[in-house]
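The values are calculated or read from the model by the stated rules, or taken from the named source; none is laboratory data. Note that the coordinates shown come from a computational prediction; the quantities given were computed from them, not determined experimentally. Cβ coordinates were reconstructed from backbone atoms using ideal geometry, including for glycine residues, and neighbour counts include every protein chain displayed. Heavy atoms of the whole protein, side chains included, go into the accessibility calculation; ligands, DNA and RNA do not. Shrake-Rupley method; radii C 1.70, N 1.55, O 1.52, S 1.80 Å.
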Amino acid sequence: MGIFKRFKKSNPTTSPSENADNAEQAAYSNKPPEDDIENSGAASTSAELSEFVPDLASTEQQDYDRGNLWQRLQSGLKKTRDVLKTDIRDLFKTDGQLVDDEFLKRLFAILVKTDMGGGPAEQIKSRIESQFEGRVIEFEDVLKIIRGELTELLTQPTQPVRFAQSGPSIILVVGVNGSGKTTSIAKLAHHFQAEGKSVLLGAADTFRAAAVQQLTIWAERLGVDIVKGDQGGDPAAVAHRSVAQAIEKDVDVCIIDTAGRLQTQTNLMKQLEKIFRVIQNQIPAAPHEVFLVLDATAGQNGISQARGFSEAANCTGIILSKLDGTAKGGVIIPIRQEFSIPVLFVGQGEQPEDLAVFKVDEFVAGLFDEV
């Protein structure tokens with residue numbers, strides 16, 4: 001049975017209006033040019049868009065980058081690391097500090113600054129309170145407890161990508177505009193190619209011509225087929241043709257892009273349900289995975305995105321994008337705690353190989369250890 005069989009069935013509906021709310025663009029108004037292009041509703045030439053799709057690195061450079069990706073990802077957690085180490089150290093006027101109400105209050109405020117949210121911050125504060133209330137605690141003891149709690153909160157079952165036992169594996173990718181969705185799809189395609197799998201892309205984000213064109217450029221550079229539709233056309237029709245072509249060509253993995261609508265739009269659920277129906281009419285167990293792309297710089301807004309898309313699409317995994325020096329990667333902690341959606345990949349940079357399988361130990365190490 002497909003993962004969407006438990007959805008409420010609704011009457012067939014038409015695809016959303018082209019006049020959909022574009023409020024999500026405002027939240028990303030200060031993003032790099034790549035996101036401005038991705039959010040643009042106007043058609044752009046391939047030459048213009050190609051400026052925002054970097055040339056592929058040489059094989060030698062790719063090997064180097066793969067070996068250093070987790071080191072760069074850990075560097076990308078510097079903002080959170082500075083909060084955890086520098087701000088907490090400021091709590092200690094002497095070598096040790098008495099654990100009283102004032103200390104716990106200030107510690108809680110610091111933890112919340114990492115974007116981990118009130119729940120995990122309260123859990124860490126309570127652990128320290130239960131072990132050290134009325135006693136003196138050392139700085140290193142605080143870090144040790146925080147590190148242990150975060151490791152426990154983020155620990156998830158080893159979950160490789162679920163592939164179909166036979167025939168094409170269908171993967172939907174969802175996420176708001178500006179989250180790095182298009183680039184993450186290219187990275188995901190490259191990741192599967194490196195595993196020896198054939199890949200086909202479906203450009204079902206038909207309401208943004210720039211998104212289709214950008215994905216087309218990526219497909220050309222990666223050497224994979226892509227299925228497209230007319231601008232403003234029915235996304236479900238593109239999804240249907242993508243799956244049909246994947247079956248016909250015996251492709252291993254079919255990755256389908258979807259419209260980056262705001263999670264609050266009522267049409268999102270209907271549009272996704274329609275896509276699911278046409279896919280399941282061809283492959284009942286599909287889609288085999290639904291990946292949510294979350295911008296690591298989105299902060300607490302990422303939680304509302306996860307809530308909206310998990311309800312609409314029953315997401316099975318998260319790709320955490322843009323994990324650079326401006327990000328506070330702590331947002332993944334409340335998302336993992338509240339929704340139990342595993343983080344499968346983390347990304348940084350613009351090259352296809354800038355994607356790594358998420359590893360809890362390495363991620364937590366990046367929150368504490370200097371690179």
Counted residues in segment 243-268 being at pLDDT 80 or above and in a helix (DSSP H, G or I) come to 6
Candidate set from segment 332-371 (those that are open to solvent by 30 Å² or more (accessible area, probe 1.4 Å) and touching a Phe, Trp or Tyr at 6+ places or on another chain (Cβ under 9 Å)); member that is nearest to T80 (Cα to Cα): E362
Answer yes or no: is there a residue in segment 215-233 that is within 15 Å of V174 (Cβ to Cβ) and in contact (Cβ under 8 Å) with a residue 60 or more places away in the chain. no
With segment 280-371 as the region, which strands (runs of 3 or more DSSP E) entirely inside it contain at least 1 residues that are in contact with a His (Cβ under 8 Å, 6 or more places away or on another chain) and of a type outside the set (F, W, Y)? 355-357
Residues located in segment 216-238, provided they are touching a strand residue (DSSP E or B) at 6+ places or on another chain (Cβ under 7 Å) and part of a helix (DSSP H, G or I): T216, A219, V238
Taking only pairs six or more apart or across chains, which ones have beta-carbon atoms under 6 Å, a first residue in segment 350-371 that is farther than 20 Å from L111 by Cβ, and a second residue that is among the acidic types (D, E) and surrounded by fewer than 20 Cβ atoms within 10 Å (Cβ to Cβ)? E353/D65
